[in-house]
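Have a look at the structure below before the remarks.
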Amino acid sequence: NVQALYSDSMPFSIVPALSATPDFRRDPQWGLQILFMNLHEPPFDDPRVRQAVNMAIDKRALARYWQSEPAWNPIPAMPGYRRPSSAPVGVKGKTYDVMAYDPPAARELLAEAGYAGGAGRQFAFALTAAASEAGRQTAEIVRHQLEKNLGAEVRVNQVENRLLGAGLRDGTAHGATL
């Protein structure tokens, strides 16, 4: 007899079966999934790369996986607050909205940073995620989107949560971390 399960510890694949039972209840919860990038090492030491990655990830698709809505800001809405609807950035006379899901523009920015597919350096990095089904599936969604939209070579690694947090805190995390 289970009294409670949190969504990041319960495989989403069993939600449909549980939803069919009369005693199943889903309550909303606040959560935030952040893609941390090591700014001190290539490829993420170049802001154009970070902007391209942001534009190449479909946040609505990730939110659908999490059965949620995209959080466009880590701060919940407050009365009178309007979230930003865009974040324009100028690069060599062209303006990009780095909040938008725009794979063609993301490829342009990545090429500007020297990762122009076959003609430039290979855009490759490690993506570290929590050692859980939700962590793996979230990392695989991001990996797939970046491979499809940017031609990236993303290696997914999973580690225990305590090691995940320690790597971010002490600066030993390489590549990107979810």
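Summary of values
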quantity	calculated
Cα→Cβ-extended label distance, 7 Å offset, between VAL91 and GLU133, nm	3.8 nm
Protection proxy ranking, peptides 149-158, 17-26, average beta carbon neighbours within 10 Å, highest first	149-158, 17-26
Whole-number Å³ per residue for the convex hull built on Cα positions in the chain	145 Å³
Distance (nanometres) between label positions extended 7 Å along Cα→Cβ at HIS40 and SER68	2.9 nm
Carbon + sulfur, % of accessible area of the chain - ligands and nucleic acids excluded, 1.4 Å	54 percent
Distance in nm between pseudo-label sites at ASP170 and LYS148 (7 Å out along the Cβ direction from Cα)	3.8 nm
Those aspartates and glutamates that a straight Cα-Cα span of less than 18 Å connects to LYS148, excepting residues fewer than 8 apart in one chain	ASP58, ASP102, GLU108, GLU140
Mean Cβ count within 10 Å, highest first, over the residues of peptides 133-146, 55-68	133-146, 55-68
Loop trypsin sites (Lys or Arg not before Pro), the range 79-131, which have at most 10 other Cβ atoms in a 10 Å radius of their Cβ (DSSP)	ARG82, LYS92
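The values are calculated or read from the model by the stated rules, or taken from the named source; none is laboratory data. These numbers come from a predicted model, not from an experiment. Using ideal geometry, Cβ is built from the backbone for each residue, glycine included, and neighbour counts are taken over all protein chains shown. For accessibility, only protein heavy atoms count, side chains too; no ligands or nucleic acids. Shrake-Rupley method; radii C 1.70, N 1.55, O 1.52, S 1.80 Å.
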